[in-house]
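S.K.: This is the structure, below, for whatever I ask next.
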Amino acid sequence: QGFTAEELTGIFSDSRFQLYPHILGKSGKGMNYMSKRFGLLSKSSIKRGKGFLTRYNVSLKNVEQAYGVQKEIIVAILRVETNFGSSTGTYPILNSLATMAIIENRRTEWARNEVAELLKMCKAQNKDPFTIRGSWAGAFGISQFIPSSYMNYAVDGNGDGTIDLLTMSDALASVANYLKSHGWSNDPDGKWQAVYAYNHCDNYVRAVFAYAKALKK
């Protein structure tokens with residue numbers, strides 16, 4: 001993948017490199033986003049969403065106009081993914097992805113590609129891969145992109161020349177670009193498929209649309 005043996009040895013012999021076998025049995029599928037514990041449609045949750053719409057009104061309008069994705073859907077995704085950036089994950093995602101790549105499981109081939117994408121991303125940005133933290137599944141940032149999604153769909157939302165998914169303007173634009181790139185349209189089926197591409201889970205898609213609808217009321 002364009003790395004020398006020396007470069008890879010330097011990364012994987014780092015004292016911060018470790019495997020997390022406990023994550024192999026985890027799954028994000030079938031989660032009940034409508035549960036009382038998750039609190040998606042609680043009064044306080046909807047109030048925070050409406051406050052977010054107000055706070056980032058200008059950025060959201062610009063993104064909506066540029067990509068044709070309604071702002072409530074973007075906000076709903078950020079609420080479901082990371083509670084508006086308050087919970088982006090604590091796992092060094094290199095370790096998470098490498099665990100799935102090294103210990104044979106159903107995600108192994110996928111994870112090997114994601115490790116390569118992560119290292120390419122870090123090399124291009126001269127960034128220490130161990131400093132990128134996210135979910136056990138290898139997603140990071142406010143929008144929870146996996147490395148390949150970052151490389152293919154993340155965009156610079158504020159024009160500062162860098163793409164940082166811990167910067168709200170970049171996260172908003174990146175979500176919109178991802179959805180547009182996956183078929184978002186005025187057609188209900190196109191909208192459903194675009195959100196489903198973000199997370200292959202029907203419960204997830206229903207939750208996103210339910211929260212977006214609640215924000216419009």
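Read the figures in this text as sums done on the coordinates, not as results from a lab. The model shown is predicted, which means the values in this text are computed figures rather than measured ones. Cβ sites come from the backbone with ideal geometry, for glycine too, and all protein chains shown count toward neighbours.
S.K.: If you build a Gaussian network model of the chain, linking Cα atoms that sit under 10 Å apart, which residue out of 112, 16, 133 swings the most?
M.R.: Greatest mean-square fluctuation among the candidates belongs to 16.
S.K.: Let me ask you something else. Which far-off residues, 5 or more places away or on another chain, put their amide H under 5 Å from the one on residue 84, with H placed in the peptide plane?
M.R.: When sequence neighbours closer than 5 places are left aside, the close amide H contacts are 79.
S.K.: For Cα pairs less than 8 Å apart in space and 6+ apart in sequence, what is the mean separation divided by the residue count of the stretch 72-217, i.e. the relative contact order in percent?
M.R.: RCO, the stretch 72-217: 23 percent.
S.K.: Quick one: what are the phi-derived ³J(HN,Hα) couplings along the stretch 62-70, Karplus 6.51/-1.76/1.60 with θ = phi - 60°, whole Hz, x for glycine and proline?
M.R.: 4, 5, 4, 5, 6, 10, x, 9, 5
S.K.: Relative to the compact-globule scaling 2.2 N^0.38 Å, provide the ratio for the alpha-carbon radius of gyration of the stretch 142-211.
M.R.: Dividing the Cα Rg of the stretch 142-211 by 2.2 N^0.38 Å gives 1.12.
S.K.: Another question, if that's okay. Can you give me the distance in nm between label points at residue 104 and residue 47, each placed 7 Å from the Cα along the Cα-to-Cβ direction?
M.R.: Result for the modelled spin labels: 5.4 nm.
S.K.: Give me a comma-separated list of calculated 3J(HN,Hα) values for the stretch 50-58, in order, Karplus coefficients 6.51, -1.76, 1.60 applied at θ = phi - 60°, integers in Hz, x for any Gly or Pro.
M.R.: Along the stretch 50-58, the couplings run 5, x, 5, 4, 6, 4, 10, 3, 5 Hz.
S.K.: Within a Cβ distance under 14 Å of residue 167, other residues only, what is the Lys/Arg minus Asp/Glu net charge?
M.R.: Once positives and negatives cancel, what remains is -4.
S.K.: If you add up the charges near residue 180, with Lys and Arg at +1 and Asp and Glu at -1, over every other residue whose beta carbon is less than 14 angstrom from its beta carbon, what do you get?
M.R.: Residues close to residue 180 contribute a combined charge of 0.
S.K.: By a straight-distance test (C-alpha under 16 Å), which lysines pair with residue 216 as possible cross-link partners, with residues fewer than eight away in the same chain excluded?
M.R.: Straight-line reach from residue 216, under 16 Å: 43, 47, 50, 61, 71.
S.K.: Per the helix-only calculation at 222 nm, which mean residue ellipticity applies to the chain, given -39500 (n - 2.57) for every DSSP H run of n ≥ 4 and division by its residues, nearest 500 deg cm²/dmol?
M.R.: -17000 deg cm²/dmol
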